[in-house]
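What follows is a set of notes on a single structure, which appears directly below.
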Amino acid sequence: MNFIHGFTKTFFKFPNLTLIALLCLFVSTYPVQGSEETKHEAEGASAAVVHTLEHHLLDAPDYEIFGLHIPLPTLHVAGLTLQVTKHMLMMVIAAILLILLITTAFRKRQVVPHGLANFFEVIVVFLRDEVVRPNMGEEGDRFLPYFLTLFFFILFGNLMGLVPWGASPTGNINVTAGLALLTLLLMIVMGIVENGPIGYLKTFIPPGVPVFVMPIIIPIEIIGLFIKPFALTMRLFANMLGGHAVVAAFLGLIVTPIIAPLSIAGAVAISMLEIFVGFLQAYIFVMLSAVFIGMSMHPSH
Amino acid sequence: MGLQNIISLNPGAILWTIITFLVLLWILSKFAWKPILKGLADRENSIKDDLETARHEREESSVLLDEHKQKIAGAKKEASKIIQEAQEAGARMNDESLQKTRDETQQMIERAKSEIGREEEAARKRLREEVADLTAQASSKLLGRVITREDHERLIQESLGGDS
């Protein structure tokens, strides 16, 4: 009774600290179970860590919750095998969550936004005034829906990895590659639409370059076109993967409950950093997409 | 699946991503971005309009204020003029009435003086007549004969040494 009394007293005095302590207690039981499981499957601690990392970072054709493996369906469309994986599922959940949140926030039209609507509006205004317009001018407003969707899709994808039983679809190279491909497509299409097919090809020849350097410059320019989306792909993918790897590594360090508080503290700190990185990487992806598309539309800039 | 597969591309997953993204783009464009961006533009325009209107009204009101200031200044001037005039008129009237009173008093005094003079003359005349009568009576008693008034007069004149 004395303990319970002391606990409630502490809880009302420092609710945050108490919750974190509880969380530590709760989470610290998890890797111990994991390591027990892996004892049967693999030998040694390194194998356990690899298993944990694989479990946390890799895509899977099934979804695991409470030790239950729920198989996901495989679709065959036009000769392509579309395997629904954990990351694909998370991506769809993130998209649905995004739709629900935004439509709920803006359900009723209000002159002065507050609450969630304010949060979304701040970001929308920021992306419009600080990202799209400076890089593409007023005509970039046409692409606002694309950039806004891109930002929130990546943001929600990033944050999905911080939700219990969630995973980051943006930690999957296929997802980031898909998004970067769309940006590449927009770069090429808008470059051709704005400058004409021949005008667009001319943008690969930089002005004021001597003829004998051309054989080197032109391939570099063409490779540059594909390096841009490749850089987008790798940056987002590696950032997300790295963050989750560090969190998983921190938790994987727990072999006895004594180390748990330290590991949990590290994991909590990295998770907080991950929230920031989630916003930052979404911003960087959208920012660079706007810069690249704007550059291919107006090469003289 | 091992960790080495982490950077292997899978066309199916890429297609999945693109499809999901495009569907999301379509839905959000229709139900979220269009109304949000429209609302933003509307609000910006309304704020711009409000500012413009406010500026216009401020200019108008400053013009009105100037006008009113001028009017008030004019009214003040007029009021002070009226007051001055009234004061002057009052002072003048005061002077006039004083002068009039003084004049009237003077006239009354004059009238009273002349009245007094007249009364005095009349009294003197009556007295003279009385004295003459009494003198006549006394003289007649003394002389033993009746002296008429004419005699008396003559006697007086003689006594006074005058011939006329």
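Values quoted throughout were computed directly from the atomic coordinates according to the rules given, and no laboratory measurement underlies them. Since the structure is predicted, the reported quantities are computational estimates derived from the model, not experimental observations. Methodologically, a virtual Cβ is constructed for each residue, glycine included, from the backbone with ideal geometry; neighbour enumeration extends over all protein chains shown.
Evaluate peptide A:161-174: per residue, the Cβ atoms of other protein chains within 10 Å of its Cβ; return the mean as an integer.
Counting other chains' Cβ atoms within 10 Å and averaging over A:161-174 gives 2.
Would you give the gap between the C-alpha center of the stretch A:113-138 and the C-alpha center of the stretch B:110-124, rounded to a whole Å?
Here the answer is 117 Å between Cα centres.
How well do other chains shield peptide B:28-39, expressed as the mean number of their Cβ atoms within 10 Å of each residue Cβ?
Mean number of neighbouring Cβ atoms from other chains: 6.
Angle between the Cα long axis of helix B:149-159 and the longest principal axis of chain B, 0 to 90 degrees, nearest 10?
Here the helix axis deviates by roughly 90 degrees.
Counting only other chains, and only Cβ atoms inside 10 Å, what mean value do you get across the residues of A:219-232?
Rounded to a whole number, the mean comes out at 0.
Within 10 Å of each residue's Cβ, count the other Cβ atoms and sort A:Val277, A:Val213, A:Val112 from fewest upward.
A:Val112, A:Val213, A:Val277
How do A:His51, A:His114 rank when sorted from fewest to most other Cβ atoms within 10 Å of their own Cβ?
In order of increasing Cβ crowding within 10 Å: A:His114, A:His51.
Please rank B:His152, A:His55, B:His68, fewest neighbouring Cβ atoms within 10 Å first, as an exposure proxy.
B:His68, A:His55, B:His152
Could you state the number of Å between the C-alpha centres of the stretch A:151-179 and the stretch B:19-42?
Spelled out, the Cα-based centre of one part sits 20 Å from the other.
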